[in-house]
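The structure under discussion appears below in the form of structure tokens.
The values are calculated or read from the model by the stated rules, or taken from the named source; none is laboratory data. All of these numbers come straight from a predicted model, not from anything done at the bench. Note: ideal-geometry Cβ built from the backbone for every residue, glycine included; neighbour counts use all protein chains shown. With ligands, DNA and RNA removed, areas are computed over all heavy atoms of the protein, side chains included. Shrake-Rupley method; radii C 1.70, N 1.55, O 1.52, S 1.80 Å.
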Amino acid sequence: MVALRFPPFSLLVFSPKTVISSSSSSLAFFRRARRPSPSRFQLCFSSLSTQSEQQSRQEVGKDDGGTLPKEGVITPRSQDFNMWYLDVIYNAELADYGPVRGTMVIRPYGYAMWEAIQDYLNVKFKETGHSNMYFPQLIPYSFIEKEAAHVEGFSPELALVTIGGGKELEEKLVVRPTSETIVNHMFTQWIHSYRDLPLMVNQWANVTRWEMRTRPFVRTLEFLWQEGHTAHATEIEAEKEALQMIDIYTKFAYEEAAMPVITGRKSRLETFAGASRTYTIEAMMGDRKALQAGTSHNLGQNFSHAFGTQFMDENGQRQYVSQTSWAISTRFIGGIIMTHGDDAGLMLPPRIAPIQVIIVPIWKKSDEKAGVLSAATHVEEALKSAGVKVKVDSSEQKTPGWKFNFWEMKGVPLRIEIGPRDVSNGSVVVSRRDIPGKQGKVFGISMEPSTLVPYIRDRLQDVQASLLERAITFRDSNIVDVSSYDELKAAIAEGRWARGPWSASDAEELRIKEETGATIRCFPFEQPEGLKTCFMTGNPANEVAIFAKSY
């Protein structure tokens with residue numbers, strides 16, 4: 001069953017004279033080192049190109065069982081989590097397919113969620129001394145050859161520009177998959193003395209990675225992200241910066257997205273190619289798979305040696321800078337969907353929701369309409385003036401019941417209902433998205449701003465806290481402590497996360513991946529005290545690791 005339909009849209013990044021190619025023989029580049037293979041479930045998203053809408057929908061049906069989309073129908077999560085996810089994206093109007101295989105058009109409702117992420121992080125970045133700027137999208141191919149470990153750890157995901165202006169280029173250009181190389185090229189020109197450090201910048205940009213299997217928001221050919229890049233005089237400063245930024249991501253996940261991530265350090269095999277250490281936030285989705293929701297890398301001096309990025313220290317000696325890079329992308333939107341959604345559709349944390357309160361006016365007789373709409377407008381203005389994101393659905397083409405279901409599917413945290421009797425009583429009915437049915441509905445709330453505004457604010461806080469608490473309970477109930485490899489295999493087979501002491505080799509880590517499909521998601525910062533014994537080797541272990549299948 002498929003519930004996404006994707007009409008063809010034009011999305012041109014380059015002129016028709018510019019040729020972009022994906023070379024399978026290109027240097028392995030711009031991908032997380034030994035990143036886990038995508039799920040066996042190959043989405044229809046990866047099979048579409050520039051067909052007509054009907055051809056696209058037929059191809060979608062072929063890929064996933066032949067059932068075409070039904071507007072307003074959402075597959076139950078327990079029946080097919082992947083189809084549920086696609087149904088929600090389509091019906092909630094979050095995104096659509098672009099005409100190029102693996103691309104997506106982010107619709108206004110989905111983009112508003114990205115704007116909420118930007119609004120929060122921009123403030124935090126500037127508070128910690130970072131400035132926004134922009135680097136070019138096209139990068140000389142020779143740049144990617146300068147850092148050997150970076151190249152070696154990435155697979156062929158490059159989009160290459162070989163022709164421009166109708167002529168073959170002297171040097172191929174790479175469409176930005178990440179910016180460490182071009183950033184270092186510029187840092188080398190800007191950094192001369194210790195007085196130029198630290199240099200801390202961030203950019204909001206799009207990147208292109210030639211993914212073969214894609215999933216809207218989670219893994220697409222082109223996606224949006226922010227990428228921060230910093231240069232420091234010492235390794236200690238770089239480490240402090242990397243930890244500071246992963247802490248900002250962690251707070252954002254908990255406080256804004258109500259996603260209880262586990263923060264920790266990646267294993268050697270999972271470390272970003274070219275980095276000394278990678279820190280990550282790992283979130284448990286509704287199907288219990290892990291989602292790497294954000295990363296922060298201590299790059300050490302690997303890139304500065306490759307690009308010759310040096311400075312004169314206070315003693316007049318030339319030194320290489322120590323660097324970091326860190327990023328969160330639109331994949332976070334996919335994480336919010338899969339963390340909180342239910343069979344009715346989206347369930348959005350109020351601090352992320354594009355609309356926090358939907359007002360549904362209800363009338364049957366024509367002489368009731370004016371009074372109900374006037375009251376709805378009065379309530380809307382009071383909430384707007386208090387900073388609440390509110391909308392009145394006064395359309396007459398749909399019934400109130402249809403509107404209730406529609407806005408629940410869109411994940412709006414609160415609904416206010418106003419009918420003729422409510423107008424007479426000077427009150428409203430308030431329903432919570434996170435508590436279905438009559439249990440989540442409260443009658444007789446005064447529509448006077450002095451009463452209604454604080455009531456709505458409190459309920460929004462309640463919904464935010466409820467979603468976080470629910471997600472924490474779900475996460476913790478699905479993490480199993482293991483003391484043997486057999487216990488780990490059993491936990492992974494059940495679709496759960498396994499947590500256990502680890503001091504084994506990279507080869508043993510690869511064995512687990514090959515035999516179970518699970519990888520080390522991280523070594524959590526929060527570690528249990530006491531002596532530990534590696535469940536794989538029986539040798540002493542200093543820390544526990546978390547294993548899980550992932551997106």
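General observations
- Residue by residue, the stretch 291-304 carries 3J(HN,Hα) couplings of 10, 6, 8, x, 9, 9, 10, 8, 7, x, 10, 4, 6, 5 Hz when phi is fed to the Karplus relation 6.51 cos²θ - 1.76 cosθ + 1.60 (θ = phi - 60°); x denotes Gly or Pro.
- Rounded to whole Hz, the Karplus (6.51, -1.76, 1.60) HN-Hα couplings of the stretch 538-551, x for glycine and proline: x, 7, x, 10, 8, 8, 9, 10, 10, 10, 6, 6, 9, 7
- Mean sequence separation of contacting Cα pairs (under 8 Å, at least six apart), scaled by the length of the chain, corresponds to a relative contact order of 13 percent.
- Net charge, V201 excluded, C-beta distance under 14 Å - Lys, Arg +1, Asp, Glu -1: -3
- Within straight-line cross-link reach of K167, lysines at Cα separation under 26 Å, skipping those fewer than 8 residues along the same chain: K17
- For M447, solvent-accessible area (1.4 Å; no DNA, RNA or ligand), Å²: 20
- Amide H within-cut-off set for A541, under 5 Å, with H built and near neighbours excluded: K532, T533, C534
- Straight-line cross-link partners of K172 among the aspartates and glutamates, defined as a Cα under 16 Å from its Cα and at least 8 positions apart when in the same chain: E145, E157.
- Taking all protein chains together and a 1.4 Å probe, the residues F474, F135 rank F474, F135 from largest to smallest accessible area.
- Across the protein chains, with a 1.4 Å probe defining accessible surface, the residues H185, H229 rank H185, H229 from largest area downward.
- Hydrodynamic analysis of the chain uses the Kirkwood radius over alpha carbon pairs. Inserted into Stokes-Einstein at 25 °C and 0.890 mPa s, it gives a translational diffusion coefficient of 96 µm²/s.
- For the stretch 496-545: accessible area per residue (Å², 1.4 Å): 51
- Think of it as helices only: each DSSP H run of n ≥ 4 in the chain is worth -39500 (n - 2.57), and spread over all residues that comes to -10500 deg cm²/dmol at 222 nm.
- Close amide H pairs (under 5 Å, H built 1.01 Å from N) link G102 with L48, residues at least 5 positions away or on another chain.
- Counted over the stretch 304-463, the DSSP beta bridges are approximately 60% antiparallel.
- Surface exposure of the stretch 244-332, expressed per residue as accessible area with a 1.4 Å probe, stands at 28 Å².
- Volume per residue of the C-alpha convex hull in the stretch 279-424, rounded to whole Å³: 169
- For the chain, the fraction of 1.4 Å probe accessible surface lying on carbon and sulfur atoms is 49 percent.
- Here T263 sits with roughly 20 square angstrom of accessible surface, probe radius 1.4 Å.
- Greater than 24 Å apart at Cα, pairs in K369/K391; K403/K438; K146/K549; K124/K391: K146/K549; K124/K391
- Reachable aspartates and glutamates from K489, criterion Cα separation under 17 angstrom, eight or more residues apart if same chain: D481, E508, E509, E514, E515
- Rounded to whole Hz, the Karplus (6.51, -1.76, 1.60) HN-Hα couplings of the stretch 201-211, x for glycine and proline: 10, 9, 9, 9, 8, 9, 10, 10, 9, 7, 5
- Amide H contacts under 5 Å for M347: G341, D342, restricted to partners 5 or more places along the chain or on a different chain, H placed in the peptide plane at 1.01 Å from N.
- Measuring nothing but how far apart in sequence close Cα pairs (under 8 Å, 6+ apart) lie, relative to its length, the stretch 412-543 scores a relative contact order of 16 percent.
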